[in-house]
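Report on one structure; see the data block that follows.
The values are calculated or read from the model by the stated rules, or taken from the named source; none is laboratory data. The model shown is predicted, which means the values in this text are computed figures rather than measured ones. As a convention, Cβ positions derive from the backbone with ideal geometry for all residues, glycine included, and neighbour counts pool all protein chains shown. SASA here: full protein model, heavy atoms, side chains in, ligands and nucleic acids out. Shrake-Rupley method; radii C 1.70, N 1.55, O 1.52, S 1.80 Å.
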Amino acid sequence: MIPFDFEYYRPESISEAVQLFIELDQAGKNPVYFSGGTEIITLGRINVLYTNAVIDIKGIPECQVMDYHEGNLYLGSCCTLVDIEEKNLFPLLTATSKEVADHTARTKITLGGNICANLFYREAVLPFLLADSQVIIAGPNGYRTEYINQVFNQTLQLERGEFLVQLITEPDKIEAPSINIKRRRQWTTGYPLVTVAGLKLGEEIRVAISGLCPYPFRSQKMEYYINSQDFSQRDRIEKALGDVDGNVLNDTEGSDKYRLFILRNTMLDIVSTLEGERA
């Protein structure tokens, strides 16, 4: 149970949602956008999050889109992870998202909720980082469309009052060979130690990682070494790990050294599998 009361709003359009945010913010109610709601409930219970007003964006049609338009795949931010799994329009996203939590939780967790979460895993963003997807963001200053790699730096960089509406991915990225591997300390249960998603475009292998640092990331420096054919697979991966950008997590789930050990072996599996795929 959340230990505070709040006003609840369910707008039916993007403009209504944004206007609500502006008015509630000016009234000092510290509004938050709501899609799946799992994080609001979780963080509210432990007094990490507090708000006087919640704006539920699930009633906005653009946030529920799951279809192709002019050749590209459009996915709304309020699509649940189970919706994505059942439609399977983006195989790498399906493989990644179906490993998040359990099935019951995934019926509530939304694509946008996972990507914009405060919890550091946020695995659903990995396929979009690899695919150079675009994001449509709405807010008080209107709409903007950006490449996700330009606006995702540890978190999705949203201005106050903005929210994620849709993600756009090109078909060649969707159809490219891909793989997702999640490693847990307790095999199929518990929080992940690391999750690695890989995508092969032509002869280039791309990787994005969650669980190693306090945020998900894709590193072009690491990819440079992974794709260098002047060294063996193991040497390439060792050089890539030497360029890990950020502080490696060291917590009750696993030490920093153990996480790097798991990542090393996972990267070997990723690279071996994708190098065995034909371009």
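Can you bin the stretch 222-279 into rounded, prolate or oblate? Criterion: square roots of the alpha carbon gyration tensor eigenvalues sorted a ≥ b ≥ c, rounded for a/c under 1.5, prolate for a/b above b/c, oblate for the rest. Prolate, since a/c reaches 1.5 and a/b exceeds b/c. Note on the stretch 140-279: with charges restricted to the Cβ of Lys and Arg (+1) and Asp and Glu (-1), its dipole about the Cα centre is near 440 debye. Its DSSP H runs of at least 4 residues, each contributing -39,500 (n - 2.57), put the calculated 222 nm mean residue ellipticity of the chain at -9000 deg cm²/dmol, to the nearest 500.
For the chain, the longest principal axis of the alpha carbon atoms and the long axis of helix 14-26 meet at an angle near 70°.
Judged by the ratio a/c of the largest to the smallest principal axis of the C-alpha gyration tensor, the stretch 130-246 counts as prolate, that ratio being 1.5 or greater while a/b is larger than b/c.
Roughly how many percent of the accessible protein surface of the chain is carbon and sulfur, given a 1.4 Å probe and a whole-percent answer? Roughly 47 percent, rounded to a whole number.
Solvent-accessible area per residue in the stretch 228-279 equals 60 Å², computed with a 1.4 angstrom probe and all protein chains kept.
Based on C-alpha pairs under 8 angstrom that are at least 6 apart in sequence, the chain has a relative contact order of 15 percent. Were the residues from GLU203 through LYS87 laid out at 0.36 nm apart, the gain over their Cα-Cα distance would be 38.9 nm.
Within the listed set PHE231, PHE152, PHE120, the residue fluctuating most in the Gaussian network model of the chain (springs between alpha-carbon atoms under 10 angstrom) is PHE231.
Packing, taken as the mean count of other beta carbons within 10 Å per residue, orders the peptides 19-32, 212-225 from highest to lowest as 212-225, 19-32. Say the dipole of the chain comes from +1 at the beta carbon of Lys and Arg and -1 at that of Asp and Glu; which of VAL151, ASN250, SER97 then lies farthest toward its positive end? Result: ASN250, furthest along the dipole toward the positive end. Applying 0.36 nm per residue to the separation of SER15 and ASN227 and subtracting their alpha-carbon distance, the gain on full extension is 71.8 nm. For a modelled paramagnetic label at ASP172, 7 Å from Cα along Cα-to-Cβ, the residues of the stretch 111-131 in reach, with backbone nitrogen under 15 Å, are 131.
Each Lys and Arg contributes +1 and each Asp and Glu -1, all at the Cβ; summed about the Cα centre of the stretch 83-133, the dipole is approximately 100 debye.
Just to be sure I understand: of the beta bridges DSSP finds with both ends in the chain, what percent are antiparallel, rounded to 5?
85
Over the chain, the fraction of Cα-Cα pairs per 5 Å bin, rounded to whole percents and listed from the shortest bin up, is 1, 6, 12, 16, 18, 16, 13, 9, 5, 3, 1, 0, 0. Counting charges near THR107 (Lys, Arg +1; Asp, Glu -1) among other residues having Cβ under 11 Å from its Cβ returns a value of -2.
Please compute the length gained on full extension between GLU70 and ASP5, using 0.36 nm multiplied by the number of residues separating them and subtracting their Cα-Cα distance. Let's see the in-between values first.
Working: separation 65, 0.36 × 65 = 23.40 nm, distance 4.40 nm.
Residue separation times 0.36 nm, minus the Cα-Cα distance, leaves 19.0 nm.
Label-to-label distance, LEU119 versus LEU241, with points set 7 angstrom from Cα along the beta-carbon direction: 2.7 nm. Here the 3J(HN,Hα) profile of the stretch 155-171, calculated from phi with Karplus coefficients 6.51, -1.76 and 1.60 at θ = phi - 60°, is 9, 6, 7, 9, 6, 4, x, 8, 8, 6, 9, 8, 10, 10, 10, 6, x Hz, Gly and Pro shown as x. Spin-label pair THR145-ASP25: with each label point 7 Å from Cα along the Cα-Cβ axis, the two points sit 2.4 nm from one another.
Among LEU111, GLY139, PHE163, pick out the residue whose Cα is farthest towards the positive end of the charge dipole of the chain, where Lys and Arg carry +1 and Asp and Glu carry -1 on C-beta, about the Cα centre. Positive-most Cα among the choices belongs to LEU111. Residues whose amide H comes within less than 5 Å of that of GLU162, counting only those at least five positions distant or on another chain, are absent (H built at 1.01 Å from N in the peptide plane).
With springs only between Cα atoms under 10 Å, which of THR252, THR169, THR145 fluctuates most in a Gaussian network model of the chain? Highest fluctuation among the options: THR252. To the nearest 0.05, what FRET efficiency results for GLN154 and ALA105 with a Förster distance of 22 Å applied to their C-beta separation? Using R0 = 22 Å, I get an efficiency of 0.40. Taking the Cα centre of the chain as origin and assigning +1 to Lys and Arg Cβ atoms and -1 to Asp and Glu Cβ atoms, the resulting dipole is close to 880 debye. Between GLU70, GLU12, GLU146, where does the largest GNM mean-square fluctuation fall for the chain, given springs only between Cα atoms within less than 10 Å? Comparing GLU70, GLU12, GLU146 in the GNM, the peak value goes to GLU70.
The angle between the Cα long axis of helix 256-275 and the main principal axis of the chain comes to about 70°, on a 0 to 90 degree scale. Positive-end ranking of ASN88, SER210, GLY76 along the dipole of the chain, with charges on Cβ about the Cα centre, is headed by SER210.
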